[in-house]
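Remarks on the structure that follows.
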Amino acid sequence: MTLARPSRSLLTVTDLGRAGFVEMLDLAADLKADKRAGRERRSLVGRNIALVFEKDSTRTRCAFEVAAYDQGAHVTYLGPAGSHLGREESVADTARVLGAMFDGIEFRGFAQSTVEELSRHAGVPVWNGLTDEWHPTQMLADVLTMREHQSGEIEAISYCFLGDGRSNVARSLLITGAMLGMDVRIAAPRELWPPESLVADAQREALVSGARVMVTDDTAAALESAAFVYTDVWVSMGEADAEWERRVPLLTPYRVTAQAMAATGRPDTRFLHCLPAVHDTTTALGRRIHDRFGLVGAEVTDDVFGSAASVVFQQAENRLHTIKAVLVAALGR
């Protein structure tokens, strides 16, 4: 399909607009079907893409690399210690250098201002692979996954996020759902609610789209009839380890447990997580959480994570197909 290109960069969740977001989902679905059928057409041959990572990643890096390779492009990975960005060289200077050599730049890091400055100076499309404020490529994968499990219009989809409502994922889910006309609920302790200005933005989006927006500390109200329950890690990469001491007591009532899933009242409710997840004691972090707090798993229990309701690995795969759509839409020939 041919995608309208109002902007070839993707910096925040609203950059595509509602129509562009849905078109991107349609393109991703087509590309996914083509890959599985062995009929993929390579539209990025001769393109070169820089992947700039301040934060390490499994899914984001692999999705960008495989998407580029599938479509015939080359990538150069610049890890946390692999460039002079922000240390010996300004963001603006780095952007000009990379923009002269590459056809597009992906950035995954901390400050939203960094990816925006890259975009201002690079002269080529720039894509936000995650910042402390936004995670737009994750939102494309999330909504594609939801759409694959619920027939009908996107507006009919309801989902509930349980956890830290200030996180980049919760913020992105709130604004994305409001923009698309979905039924979005954020359940978090009051001190971890999204900023008031962001909630006001979501409410303004909802007036246009017809979305239903809820921010609450009442898990029962948020979970009622939700088709999808979503959570994320309680302490993000780059935050102090001491934050666990503060957040575990606050967020334990917001764990996704079998009881939380049952509270939706729907036997078909699915579980979502952007990964990695603390769901057992097989990781160093999981063992540390168990030793310090007596919890097996943190934000989600292992019985939910490994259940038939969990679609987290389909969601992870969809990072590939939606990121491929972003690249093809921006650079495809």
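The values are calculated or read from the model by the stated rules, or taken from the named source; none is laboratory data. Quantities reported herein were computed from a predicted structural model and do not represent experimental measurements. Cβ coordinates were reconstructed from backbone atoms using ideal geometry, including for glycine residues, and neighbour counts include every protein chain displayed.
Observations on the structure shown:
- Only helices (runs of 4 or more DSSP H) whose full extent lies in region 134-213 are considered here, and the ones with at least 1 residues that are in contact (Cβ under 8 Å) with a residue 40 or more places away in the chain and farther than 19 Å from R319 by Cβ are 168-180, 196-209.
- Tabulated pairs, region 76-101, first crowded, with 19+ Cβ neighbours inside 10 Å, second among the small types (G, A, S) and modelled with pLDDT under 85, C-beta under 7 angstrom, 6+ apart or interchain: T94/S83
- Residue match in region 132-151 (condition: over 16 Å from C274 (Cβ atoms), among the aromatic types (F, W, Y) and touching a Ser or Thr at 6+ places or on another chain (Cβ under 9 Å)): no
- Restricting region 181-215 to residues that are farther than 23 Å from P253 by Cβ and of a type in the set (G, A, S), the residue that is surrounded by the fewest Cβ atoms within 10 Å (Cβ to Cβ): S197
- Qualifying residue in region 118-127 (condition: basic (K, R) and under 30 Å from V229 (Cα atoms)): no
- Of note, A68 does not satisfy the criterion of being free of Cβ contacts under 8 Å to residues at least 24 places away in the same chain and in the same structural domain as N128 (by TED's automatic domain parsing).
- Residues of region 281-305 that are under 29 Å from M146 (Cβ atoms), touching a residue at least 24 places away in the same chain (Cβ under 8 Å) and not small (G, A, S): I289, L295, E299, V300, T301, D303, V304, F305.
- When A63 is tested against (1) closer than 21 Å to T176 by Cβ; (2) in contact with a strand residue (DSSP E or B) (Cβ under 7 Å, 6 or more places away or on another chain); (3) not charged (D, E, K, R), just one condition goes unmet, and that condition is (2).
- Subset of region 216-252 that is in contact with a helix residue (DSSP H, G or I) (Cβ under 8 Å, 6 or more places away or on another chain) and of a type in the set (G, A, S) - its residue that is surrounded by the most Cβ atoms within 10 Å (Cβ to Cβ): A227
- Of everything in region 112-125 that is crowded, with 18+ Cβ neighbours inside 10 Å and in a loop (DSSP other than H, G, I, E, B), the residue that is nearest to the chain's Cα centre (by Cα) is P125.
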